[in-house]
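In what follows, a structure is listed as structure tokens, so that the remarks can point back to it.
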Amino acid sequence: MATSESSRLNKMVKSKYMELPQGDAVQAMYIWLDGTGEGLRCKTRTLDAEPKTVADLPEWNFDGSSTYQAEGSNSDMYLIPVAMFRDPFRNDPNKLVLCEVLKYNRQPAETNLRGTCKMVMERIRAQVPWFGMEQEYTILGVDGHPFGWPSNGFPGPQGPYYCGVGSDKAYGRDIVEAHYRACLYAGVKICGTNAEVMPSQWEFQVGPCEGIDMGDHLWVARFILHRVCEDFGVVATFDPKPIPGNWNGAGCHTNFSTLPMREDGGLQHIEEAIEKLGKRHSYHIRAYDPRGGLDNARRLTGSHETSSIHEFSAGVANRGASIRIPRQVGQDGCGYMEDRRPSANCNPYAVTEALIRTCLLHESGDTPTVYSDKDEKA
């Protein structure tokens with residue numbers, strides 16, 4: 001397995017410079033989503049003082065022709081800060097700044113799905129929607145070979161790896177631990193992690209987050225993971241089926257609840273929401289991966305703890321269903337449901353918006369209603 005050349009540089013040399021005082025200056029790393037709908041980009045600027053809120057951060061710009069977002073003849077794109085976190089790579093007072101992308105006419109870029117998601121979340125704020133997303137990923141070498149796998153052949157079959165312990169079962173725990181601590185430092189609402197079913201595959205969970213925060217925190221958690229992997233010389237992939245054959249794919253199971261679902265008698269509200277989801281299965285399949293279901297088709301086969309992409313199903317404690325009701329929720333009569341259909345490379349803004357549109361805005365059919373600013377102010 002090949003690691004990157006930059007990871008072989010002497011980190012002790014770098015640490016000498018990172019320990020130098022920086023005066024009152026602050027380094028702010030601006031992060032945004034590129035034109036692929038999956039790739040993250042970043043660049044840094046110096047601020048004269050530590051920003052206390054997002055409102056203290058200036059707008060910026062970048063060359064969209066180099067990120068699949070604009071033509072060279074009209075390439076400037078706007079970066080609009082929307083969320084701020086502590087920087088675990090440069091330490092305080094430096095910041096990570098998540099940004100929305102606007103085009104030259106200040107309209108959202110095609111892959112900027114945050115605006116409509118936030119609009120929908122504001123519309124149903126009184127229902128206090130909570131989300132938790134379980135992000136699965138696979139660690140690869142820069143040559144695309146799974147981390148820890150034999151150079152010629154395959155490891156032993158699945159079985160001992162899920163939540164496994166030991167050098168022959170857990171591949172890459174150092175990376176996982178570094179990512180976990182970096183997220184905690186940054187202020188990301190990471191709530192857990194575990195080794196997954198396929199060797200070199202892991203999962204971290206983010207949540208519970210209310211409304212638009214879910215997408216913000218998951219994107220920053222993904223950025224931090226990529227950055228940690230960069231230091232270790234490996235790659236994290238969110239491909240929903242990185243290894244074909246008899247190996248588990250990678251999803252981003254999404255837990256969802258509203259205030260009525262979490263209160264006594266909430267199971268009735270959960271069951272009503274599931275009934276609505278069943279009527280809009282194809283809409284959700286299209287919303288749950290960046291290629292409108294094509295990526296998920298490789299994963300949602302009805303095998304390897306997945307439902308079939310062609311059928312909707314639900315059940316208590318059933319990991320082969322589209323929607324799982326946790327056993328404890330069934331016993332308590334309230335709580336949350338788990339949508340197991342989103343792919344590992346899903347856009348969390350698209351996933352959470354789709355859940356709200358179907359479950360709370362009472363939309364029907366296969367095409368979501370488009371709400372105008374006038375609707376939102378009504």
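Here is how the numbers come out for the structure above:
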| quantity | calculated |
| --- | --- |
| Pairwise label distance in nanometres, Glu19 with Lys43, each label 7 Å out on the Cα-Cβ vector | 3.3 |
| Extension gain from Glu50 to Asp264, taking 0.36 nm per residue of separation minus the Cα-Cα distance | 72.6 nm |
| Residue-span extension gain [Lys279 to Glu122] - 0.36 nm each, minus C-alpha spacing | 54.1 nm |
| Filter on Lys16/Lys95; Lys11/Lys95; Lys95/Lys189; Lys241/Lys276; Lys169/Lys241 - keep pairs with C-alpha separation over 24 Å | Lys241/Lys276 |
| Residue-averaged 222 nm ellipticity for the chain, from DSSP H runs of 4+ at -39500 (n - 2.57), nearest 500 | -8000 deg cm²/dmol |
| Neighbour net charge for Ser6 - beta-carbon separation under 13 angstrom, K R +1, D E -1 | +1 |
| Spin-label model distance (nm) - Leu361 vs Ser151, 7 Å beyond Cα toward Cβ | 5.4 |
| Accessible carbon and sulfur surface of the chain relative to its total accessible area, %, 1.4 Å | 51 |
| Cα gyration tensor shape of the range 1-115, rounded if a/c is under 1.5, else prolate or oblate by comparing a/b with b/c | oblate |
| Computed lengthening from Ser167 to Arg327, 0.36 nm per intervening residue step minus Cα-Cα distance | 54.3 nm |
| Cα gyration tensor shape for the chain, rounded if a/c is under 1.5, else prolate or oblate | oblate |
| Share, in percent, of DSSP beta bridges within the chain that are antiparallel, nearest 5 | 90 |
| For the chain, built as a Gaussian network whose Cα springs stay under 10 Å, the top-fluctuating residue of Ala49, Ala195, Ala28 | Ala49 |
| Burial ranking of peptide ranges 244-256, 113-125, 12-24 (average Cβ count within 10 Å, highest at the top) | 244-256, 113-125, 12-24 |
| Surface per residue (accessible, 1.4 Å probe) for the chain, Å² | 46 |
| Sites Asp92 and Cys191 - FRET efficiency at Förster radius 22 Å, r taken between beta-carbons, to 0.05 | 0.45 |
| Total formal charge among the other residues, if their Cβ is under 10 angstrom from that of Pro199, Lys/Arg +1 and Asp/Glu -1 | -1 |
| Tensor-based shape of the range 46-113 (alpha-carbon gyration tensor, a/c under 1.5 rounded, otherwise prolate or oblate) | prolate |
| Sparse-neighbourhood loop sites, GluC sites (Glu not before Pro) in the range 245-297 - DSSP loop, at most 15 other Cβ within 10 angstrom | Glu263 |
| Computed label-point distance, nm, for sites Ser73 and Arg286 using a 7 Å Cα→Cβ extension | 3.2 |
| Mean Cβ neighbour count within 10 Å, used as a protection proxy, ranking 287-296, 101-110, 51-60 highest first | 287-296, 101-110, 51-60 |
| The chain: most fluctuating residue of Gly320, Gly333, Gly159 per GNM, C-alpha cutoff 10 Å | Gly159 |
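The values are calculated or read from the model by the stated rules, or taken from the named source; none is laboratory data. Remember, predicted model here, so these are calculated numbers, not experimental data. Virtual Cβ from ideal backbone geometry, glycine too; neighbours counted across all protein chains shown. Keep in mind that these areas ignore ligands, DNA and RNA; they rest on the heavy atoms of the full protein, side chains included. Shrake-Rupley method; radii C 1.70, N 1.55, O 1.52, S 1.80 Å.
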